[in-house]
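Have a look at the structure below before the remarks.
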Amino acid sequence: MKILLIKKMAMLTLLAMIGLAFMAFVMPQDQKVGGPWDIPTKYEKMENPYIDDASLVKPGKMMYSKHCKSCHGSKGLGDGSKAAQLETFPGDFTSEEFKKYSDGALYYMTYVGRDEMEPFDKKITDEEDQWAVIMYMKSL
């Protein structure tokens, strides 16, 4: 009787594990956290209208410190005080991979967001300020 119960429990455990593994393969891409960003063409081609205004880096740094530093870190290394609580690495703004992103792609990631990267379009509402943050991020 005891052996039969153990066999049933083992079978149920095995079925549960198979079910979880199956769900991981059939889960839609948009529900998975992390992975490559799918940047719409509109944003990929978007140009920074303030690209030549180096005076925006300083206010960009101030807004970055207020809104971004807790996850992305003071030097953009992805080591902010909240980073360890995230499921995904917040990114290293000094990396070659990051430097390949267009200004428009960075705008999309920052102000539209996804998953744990909340959209900041409601927190930093002025367009010039939004681009200032991106300019500061690129200066790291």
Given 73, 80, which one is crowded, with 16+ Cβ neighbours inside 10 Å and in contact with a His (Cβ under 8 Å, 6 or more places away or on another chain)? 80
Give me the residue from segment 108-140 that is in contact (Cβ under 8 Å) with a residue 12 or more places away in the chain and of a type in the set (Val, Ile, Thr) and, out of that set, surrounded by the most Cβ atoms within 10 Å (Cβ to Cβ). 133
Residue identified as in a helix (DSSP H, G or I), modelled with pLDDT of 65 or more, closer than 16 Å to residue 138 by Cα and basic (Lys, Arg) among 66, 58, 42: 58
Mind checking whether some residue in segment 95-102 is buried (at least 19 other Cβ atoms within 10 Å of the Cβ), in contact with a helix residue (DSSP H, G or I) (Cβ under 7 Å, 6 or more places away or on another chain), in contact (Cβ under 8 Å) with a residue 12 or more places away in the chain and hydroxyl-bearing (Ser, Thr, Tyr)? no
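Listed here are the residues, each with its yes/no results for (1) among the aliphatic types (A, V, I, L, M); (2) more than 11 Å from residue 137 (Cα to Cα).
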position	(1), (2)
62	yes, yes
72	no, no
81	no, yes
96	no, yes
Inspect all residues belonging to segment 7-21 and state whether any of them is of a type in the set (Val, Ile, Thr), at pLDDT below 60 and more than 30 Å from residue 122 (Cα to Cα). yes
Being part of a loop (DSSP other than H, G, I, E, B) and not basic (Lys, Arg) is the requirement here; does residue 49 meet it? yes
Options 73, 78, 113; residue that is under 25 Å from residue 41 (Cβ atoms), under 15 Å from the mean Cα position of the chain (by Cα) and among the small types (Gly, Ala, Ser): 113
Filter segment 123-140 for residues that are of a type in the set (D, E, K, R) and within 17 Å of the chain's Cα centre (by Cα); the one that is farthest from residue 68 (Cα to Cα) is 138
Residue hits (segment 59-70; among the hydroxyl-bearing types (Ser, Thr, Tyr), surrounded by fewer than 21 Cβ atoms within 10 Å (Cβ to Cβ) and farther than 17 Å from residue 86 by Cβ) are 65
Do we have any residue at all in segment 66-80 that's under 25 Å from residue 125 (Cα atoms) and touching a Cys at 6+ places or on another chain (Cβ under 7 Å)? yes
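The values are calculated or read from the model by the stated rules, or taken from the named source; none is laboratory data. Here the structure is a predicted model, which means the values were calculated and not measured. Positions of Cβ are generated from backbone atoms using ideal geometry, with glycine treated the same way; all protein chains shown enter the neighbour counts.
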